[in-house]
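**Student:** Mind having a look at this structure? Questions to follow.
The values are calculated or read from the model by the stated rules, or taken from the named source; none is laboratory data. In this text the structure is predicted, and so the values were computed from the model without any measurement. Reconstructed Cβ throughout: ideal geometry from the backbone, glycine too, with neighbour counts over all protein chains shown.
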Amino acid sequence: MSYSMSREKLALYGGKPVRDKPLPPMFPGATFIDAEEEKEVLKAQSLFRYYGPKFLGKTEKFEKAFADYIGVKHALAVSSGTGALCTALVAVGVGPGDEVIIPGFSWIMDAMAVLFLRAIPVIAEIDETLSVDPEDLERKISDKTKAVIAVHMRGFQCDMNRIRKVATEHGVKVVEDVAQACGGSYKGRKLGSIGDVAAFSFSA
């Protein structure tokens, strides 16, 4: 086998670049801001999230509409999917030294959210749903386990019935990560309404 290496200069040193335009963004949703979105922001006339119980701003309206859509009592808008995961973990009592089981295949922020709280991510094997294998979940539970993050990866639904069964038997909370499956359902129920709490993202 033979090959020849090009003697051309790297673009860094004055050679011809491979492309003259940047690659598209990884998450294109953030670029879809046009006159309609700008108009809504200006119409809101609100620099802050909360002005008191009688002021129903756009955030509160969104929270109510989203809770109704998912089929739950409450929804809380935060700054990001990572913020949602951290908030969800705190809500179920995760703190320093606790263990949180996460799937071996997921978005990096599932582990990072656990670490932000000075808790310990414990990696479980995945099954054909691309998320936590309920059998390995049971093997990985210890007396330090506080929660499991069931990640609905790439639109696939976790085996929520089995995950909930194992978690309930061991007193472990279930946090659904629905960032990549918003709008999906499992056995007639919207994803995000099955666990103890759920985290969503609108930039995934």
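**Student:** Which residue pairs have Cβ atoms closer than 7 Å, lie 6 or more positions apart in sequence or on different chains, and pair a first residue in region 189-204 that is crowded, with 18+ Cβ neighbours inside 10 Å with a second residue that is among the aromatic types (Phe, Trp, Tyr) and outside any loop (DSSP other than H, G, I, E, B)?
**Tutor:** From residues that are crowded, with 18+ Cβ neighbours inside 10 Å, the pairs are Ile194/Tyr186.
**Student:** Further question: Keeping to region 1-39, report how many residues are at pLDDT 85 or above, part of a helix (DSSP H, G or I) and either outside the structural domain of Lys58 (by TED's automatic domain parsing) or surrounded by 10 or more Cβ atoms within 10 Å (Cβ to Cβ) (or both).
**Tutor:** Summing the residues that are at pLDDT 85 or above, part of a helix (DSSP H, G or I) and either outside the structural domain of Lys58 (by TED's automatic domain parsing) or surrounded by 10 or more Cβ atoms within 10 Å (Cβ to Cβ) (or both) in region 1-39 gives 4.
**Student:** What about Ile194, is it in the same structural domain as Ala113 (by TED's automatic domain parsing) and in a helix (DSSP H, G or I)?
**Tutor:** Considered against the rule, which asks whether it is in the same structural domain as Ala113 (by TED's automatic domain parsing) and in a helix (DSSP H, G or I), Ile194 comes out as no.
**Student:** Taking the residues in region 150-183 that are basic (Lys, Arg) and over 19 Å from Ala91 (Cβ atoms) as candidates, determine which candidate is modelled with the lowest pLDDT.
**Tutor:** Here is the first cut: in region 150-183, the ones basic (Lys, Arg) are 154, 162, 164-165, 173.
From what is left, the residues that are over 19 Å from Ala91 (Cβ atoms) are 154, 162, 165.
Working: Arg154: 93, Arg162: 98, Lys165: 98.
This residue is Arg154.
Each row is one residue, and each column tells you yes or no for (1) in contact with a Gly (Cβ under 8 Å, 6 or more places away or on another chain); (2) modelled with pLDDT under 95; (3) assigned by TED's automatic domain parsing to the domain that holds Tyr186.
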{"site": "Ala65", "(1), (2), (3)": "no, no, no"}
{"site": "Ile70", "(1), (2), (3)": "yes, no, no"}
{"site": "Gly83", "(1), (2), (3)": "no, no, yes"}
{"site": "Cys86", "(1), (2), (3)": "no, no, yes"}
{"site": "Gly93", "(1), (2), (3)": "no, no, yes"}
{"site": "Pro96", "(1), (2), (3)": "no, no, yes"}
{"site": "Ile102", "(1), (2), (3)": "no, no, yes"}
{"site": "Ser106", "(1), (2), (3)": "no, yes, yes"}
{"site": "Met109", "(1), (2), (3)": "yes, no, yes"}
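Here's the yes/no breakdown for (1) farther than 24 Å from Ser193 by Cβ; (2) among the acidic types (Asp, Glu); (3) in contact (Cβ under 8 Å) with a residue 24 or more places away in the chain; (4) part of a helix (DSSP H, G or I):
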site: Val72; (1), (2), (3), (4): no, no, yes, no
site: Thr87; (1), (2), (3), (4): no, no, yes, yes
site: Val94; (1), (2), (3), (4): no, no, yes, no
site: Val100; (1), (2), (3), (4): no, no, yes, no
site: Leu130; (1), (2), (3), (4): no, no, yes, no
site: Asp143; (1), (2), (3), (4): yes, yes, no, no
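**Student:** Kindly indicate whether any position in region 166-178 is out of contact with any Lys or Arg (no Cβ under 7 Å at 6 or more places or on another chain), among the acidic types (Asp, Glu) and over 28 Å from Asp68 (Cα atoms).
**Tutor:** Yes - at least one qualifying residue is present in region 166-178.
**Student:** Of the residues that make up region 167-177, is at least one acidic (Asp, Glu), more than 12 Å from Gly195 (Cα to Cα) and not in a helix (DSSP H, G or I)?
**Tutor:** Among the residues of region 167-177, not one is acidic (Asp, Glu), more than 12 Å from Gly195 (Cα to Cα) and not in a helix (DSSP H, G or I), which makes the answer no.
**Student:** Looking only at region 133-160, how many residues end up being more than 17 Å from Gly171 (Cα to Cα) and either of a type outside the set (Gly, Ala, Ser) or surrounded by 18 or more Cβ atoms within 10 Å (Cβ to Cβ) (or both)?
**Tutor:** 9
**Student:** Does Glu99 satisfy the criteria of being over 18 Å from the mean Cα position of the chain (by Cα), crowded, with 20+ Cβ neighbours inside 10 Å and of a type in the set (D, E, K, R)?
**Tutor:** The answer is yes for Glu99.
**Student:** Cβ-Cβ under 7 Å, sequence separation 6+ or interchain: first residue in region 147-160 and in the same structural domain as Ala124 (by TED's automatic domain parsing) and small (Gly, Ala, Ser), partner buried (at least 21 other Cβ atoms within 10 Å of the Cβ) and in a helix (DSSP H, G or I). Which pairs?
**Tutor:** Ala147/Leu89; Ala150/Met160; Ala150/Ile163
**Student:** Further, regarding this structure: Return yes or no: is Ser79 touching a Gly at 6+ places or on another chain (Cβ under 6 Å), part of a loop (DSSP other than H, G, I, E, B), at pLDDT below 95 and not hydrophobic (A, V, I, L, M, F, W, C)?
**Tutor:** Criteria not met by Ser79.
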